[in-house]
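What follows is a single structure, written as structure tokens, with notes after it.
The values are calculated or read from the model by the stated rules, or taken from the named source; none is laboratory data. Being a predicted model, the structure only gives us computed values, none of them experimental. Here the Cβ positions follow ideal geometry from the backbone for every residue, glycine too, while neighbour counts run over all protein chains shown.
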Amino acid sequence: MSKMVVVVVPAHNEESNIRKVVEESSKHADRVIVIDDGSADRTSEEAQLGSRKVIVLRHRVNLGKGAALKTGCQAAVALAADIIVTIDGDGQHPVEHIPLMVKEMMANNWQVVFSVRQGGDRMPLVRLWGNYFLNLVARNFFNLKLRDMWCGFRAIRADVLPVIDWQNSDYSGEIQMALMVGRSGLAYGEYIIPTVYSDRFRGVSIFHGLKLLAQMVIWRIII
Amino acid sequence: MIGVQLLGMVVGLAAIHLTYLYYRRAQFTKRELYFWVILWVIFVFVSVFPKSIWPVVDYLGLSRPMDFIMIAAFIVLFALTFVNYVVNQRQGRKLEKLVREQALKDLDKR
């Protein structure tokens, strides 16, 4: 029996990238849900392709990536999704890998799949080290053995969402979700994708990384 | 009266004026008005008559009124920080819930 695959795309001020992301991902999924997270530009309008496959939901104010992902996942569950694939709205993720990623997920009976960026563009050195260090902390604190915890290209079985319910509404919600996978003992695997960097100055900074590190210590104590 | 006492009195009186102003603009309830006015009157009184808190200072085993004021200020600051954090978190959760519900309503329309 084929599984219903729904792609969730959190997007904030992505008017220049979102159309292509939605067009490409809709070729590889049953539905695409874009969450315009309070963008000040034309992200919502650009994401509307006039296709029944594409749904654009709008946060009236910017809540953050974690909150946008949560809204998207709730919408996907409401649409009776079996597998939810999360991708970024900036076009960094190779969406043509979605079918292969899902196939590997099913073949290995994984409940969650995390992608690993390897090859392609070079990741900025600070991010490379930051990523390495955070992965190390996650491994020791949360028993989560991942090589690229920051990558937002993931596949999640819809039925495990209640187990990995994340609370943080900002970018750290995505990390919290990953850590919950480690803590709850779900079956997870990794899938290798090429690294693409469209803008080196966007995304998380070293300060975000330090803040996240402090949060991870707190989560270790309270979760 | 030394400068710092005068400053304390001016700040306290200005705060009472602002409190009354907020009440007249219906931004404070009558209860809030009484609470803040009483607090600021105590502040002005202690600024003008610092020796009035000696009994409290003696009772707590402190050596100077300034020690009492500093300790009280830190306690108030910590309490306010905690209250602000809790209120901020609560408001954030409410906002997130409201925004999400609005967004998901668009899904129901389809």
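Computed quantities for the displayed model
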quantity	calculated
Only one of A:Ser169, A:Ser115 that is within 20 Å of A:Gln74 (Cα to Cα) and either buried (at least 20 other Cβ atoms within 10 Å of the Cβ) or over 17 Å from the mean Cα position of the chain (by Cα) (or both)	A:Ser169
Counted residues, region A:39-53 - those being among the polar types (S, T, N, Q), touching a helix residue (DSSP H, G or I) at 6+ places or on another chain (Cβ under 8 Å) and part of a loop (DSSP other than H, G, I, E, B)	1
B:Tyr34 being out of contact with any strand residue (DSSP E or B) (no Cβ under 8 Å at 6 or more places or on another chain) and not assigned by TED's automatic domain parsing to the domain that holds B:Val76	yes
Any pair with Cβ under 8 angstrom, 6 or more apart, that starts in region A:190-208 at a residue that is within 17 Å of A:Val116 (Cα to Cα) and ends at one that is outside any loop (DSSP other than H, G, I, E, B) and modelled with pLDDT under 60	A:Pro194/A:Gly120; A:Thr195/A:Gly120; A:Val196/A:Gly120
Residue within region A:12-22 that is under 24 Å from A:Tyr188 (Cα atoms) and either buried (at least 18 other Cβ atoms within 10 Å of the Cβ) or within 12 Å of chain B (Cβ to nearest Cβ) (or both) present	no
Condition met for A:Glu15 (of a type in the set (D, E, K, R), touching a helix residue (DSSP H, G or I) at 6+ places or on another chain (Cβ under 7 Å) and in a helix (DSSP H, G or I))	no
Scope region A:98-112; condition in a helix (DSSP H, G or I) and buried (at least 20 other Cβ atoms within 10 Å of the Cβ); matching residues	A:Ile98, A:Met101, A:Val102, A:Met105
The one condition in (1) assigned to a helix (DSSP H, G or I); (2) among the hydroxyl-bearing types (Ser, Thr, Tyr); (3) without any contact (Cβ under 8 Å) to a residue 24 or more places away in the chain that B:Ser47 fails to fulfil	(3)
Of all residues in region A:150-173 being modelled with pLDDT of 90 or more and assigned to a helix (DSSP H, G or I), the one that is nearest to A:His93 (Cα to Cα)	A:Gly173
Residue count for region A:54-92, restricted to those that are assigned to a helix (DSSP H, G or I) and within 12 Å of chain B (Cβ to nearest Cβ)	13
Residue that is aliphatic (A, V, I, L, M), touching a helix residue (DSSP H, G or I) at 6+ places or on another chain (Cβ under 9 Å) and in a helix (DSSP H, G or I), where the choices are B:Leu6, B:Leu21	B:Leu6
The listed residue being in contact with a helix residue (DSSP H, G or I) (Cβ under 8 Å, 6 or more places away or on another chain), small (Gly, Ala, Ser) and at pLDDT 90 or above, out of B:Ala79, B:Ala103	B:Ala103
Residue, farthest from A:Val95 (Cα to Cα), within region A:32-47, restricted to residues that are within 12 Å of another protein chain (Cβ to nearest Cβ) and of a type outside the set (Asp, Glu)	A:Gly38
Residue that is loosely packed, with under 13 Cβ neighbours inside 10 Å, small (Gly, Ala, Ser) and at negative phi, where the choices are B:Ala15, B:Ala79	B:Ala79
Answer from B:Val56, B:Val48, B:Val99 - the residue that is aliphatic (A, V, I, L, M) and within 14 Å of chain A (Cβ to nearest Cβ)	B:Val99
